[in-house]
Amino acid sequence: MTAYRSIVVGTDGSNSSYVAVERAAALAGDEGATLYIACAYYPTDDREVAAAADVLKDEAYQVRGSAPTSEILRIAREKAIAAGAANVVEKSVVGEPVESLLTLVKEVEADLLVVGNRGLNTITGRLLGSVPSDVARKSRSDVLIVHTVR
């Protein structure tokens with residue numbers, strides 16, 4: 001079996017996604033692979049952000065445009081380096097998480113895509129789909145779904 005040379009991991013800034021980052025980073029460190037940390041976002045205007053924040057409450061960090069993305073990636077990078085990754089590349093991507101991750105995997109010719117299991121066993125996830133189930137179904141590379149939520 002060949003070693004992974006290029007690993008993509010997705011994060012949305014949640015604690016569970018950082019667990020996936022740390023697991024991917026440890027694997028990247030062990031394999032000597034490049035770790036691409038991706039964070040997808042949609043550009044928003046101030047009115048959309050305010051309306052979404054009212055509805056989403058604690059989850060509102062996910063809709064605040066690209067500024068939080070830089071902070072999310074900075075934190076993820078720190079966690080990745082602490083977990084053993086030596087070569088870390090941050091990628092802020094405009095768009096829907098599943099398609100953004102799959103596009104990045106193709107773009108960097110990644111051998112492995114790592115995501116957390118958040119949303120996998122929820123009613124919403126079963127009805128509408130979730131990032132882990134959708135990437136596992138659509139990816140042409142190996143997929144590691146890290147148990148970050150139990």
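The values are calculated or read from the model by the stated rules, or taken from the named source; none is laboratory data. Fair warning: this is a prediction, and the values are worked out from it, not measured in the lab. Neighbour counts are summed over all protein chains in view; Cβ atoms, including those assigned to glycine, are modelled from backbone coordinates with ideal geometry. When the accessible area is computed, the model is the full protein with side chains, heavy atoms only, and any ligands, DNA or RNA have been set aside. Shrake-Rupley method; radii C 1.70, N 1.55, O 1.52, S 1.80 Å.
Please verify whether GLU107 is within 18 Å of ARG140 (Cβ to Cβ), modelled with pLDDT of 95 or more and either in a helix (DSSP H, G or I) or open to solvent by less than 40 Å² (accessible area, probe 1.4 Å) (or both), treating the condition exactly as stated. So GLU107 passes the test.
So that you can scan it fast, the table gives a plain yes or no per residue for (1) under 16 Å from GLY95 (Cα atoms); (2) modelled with pLDDT of 95 or more:
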| site | (1), (2) |
| --- | --- |
| SER6 | no, yes |
| GLY10 | yes, no |
| ASN15 | no, no |
| ALA26 | no, yes |
| GLY29 | no, yes |
| THR34 | no, yes |
| ALA40 | yes, no |
| ALA50 | no, no |
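If you go through the range 89-103 and pick out every residue that is at pLDDT 95 or above and buried (at least 21 other Cβ atoms within 10 Å of the Cβ), you end up with 0.
Are any residues in the range 8-37 among the aliphatic types (A, V, I, L, M) and over 20 Å from GLU107 (Cα atoms), and if so, which ones? Don't jump to the end; show me each part of the working.
Residues of the range 8-37 that are among the aliphatic types (A, V, I, L, M), as a first pass: 8-9, 19-21, 24-28, 33, 35, 37.
Matches in the range 8-37: VAL19, ALA20, ALA26, LEU27.
When VAL135, VAL115 are checked against the criterion of being touching a strand residue (DSSP E or B) at 6+ places or on another chain (Cβ under 7 Å), part of a strand (DSSP E or B) and either surrounded by fewer than 13 Cβ atoms within 10 Å (Cβ to Cβ) or modelled with pLDDT of 80 or more (or both), VAL115 stands alone in meeting it.
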